[in-house]
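No value in this document is a laboratory result; all are computed from the given coordinates. Remember, it's a predicted structure, so these values are computed and weren't measured experimentally. FYI the Cβ positions are ideal-geometry reconstructions off the backbone, even for glycines, and counts take in every protein chain you see.
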Amino acid sequence: MKFLSLILLAVVGFGFWVRLAPSDPARWHVTAGDAGNRDFAGAAIRTVAASPGDFARLDRIIRATPRTTVLAGTPEQGMVTYVTRSKVWGFPDYTTVEARQGALVIHARLRFGSSDLGVNRARVTGWIAALEAGQGQA
């Protein structure tokens, strides 16, 4: 019984730690560096052509995503980092969108673990599809 109580306490403690661990903008609100389109075990980078106003539209699409908040930046500053938390555990994923000459670079990555099972890639793909479909109009 003591062993099960310790395991339960560890699971609950881990859950609180994941939800309450601070997000340091100095660590997460950073450029993707050399862009392109790449997939990693816990991350995805996409570069999409952009017209004036696309960053603001994408910002509205991202902010409408459940459990998503802004960590730092604004479209007017040319870079925004968002935090999207998983529904059950509240795991944070960080997505930085950066405006570059005629393009938007979207870099989504996990904070905890080594694989997100494609969650970040799927989320970014959905945001790009919504942008291309004309969603997020003011």
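Between F14 and E76, the FRET efficiency from the beta-carbon distance, with R0 = 22 Å, is close to 0.05. Using R₀ = 41 Å, calculate the FRET efficiency as 1/(1 + (r/R₀)^6) where r is the Cβ-Cβ separation of Q101 and A26; round to 0.05. Efficiency computed from Cβ-Cβ geometry: 0.95.
Between the Cα long axis of helix 2-20 and the first principal axis of the chain there is an angle of about 20°, rounded to the nearest 10. Here the sum of -39500 (n - 2.57) over DSSP H runs of 4 or more residues, divided by the residues of the chain, equals -10500 deg cm²/dmol at 222 nm, to the nearest 500.
What angle, in degrees between 0 and 90 and rounded to the nearest 10, separates the Cα long axis of helix 54-63 from the longest principal axis of the Cα atoms of the chain? Value to nearest ten degrees: 20. Taking a ≥ b ≥ c as the square roots of the eigenvalues of the Cα gyration tensor, an a/c ratio below 1.5 marks region 23-132 as rounded.
The K2 and T69 beta-carbon pair, evaluated with R₀ = 30 Å, returns a calculated FRET efficiency of approximately 0.15.
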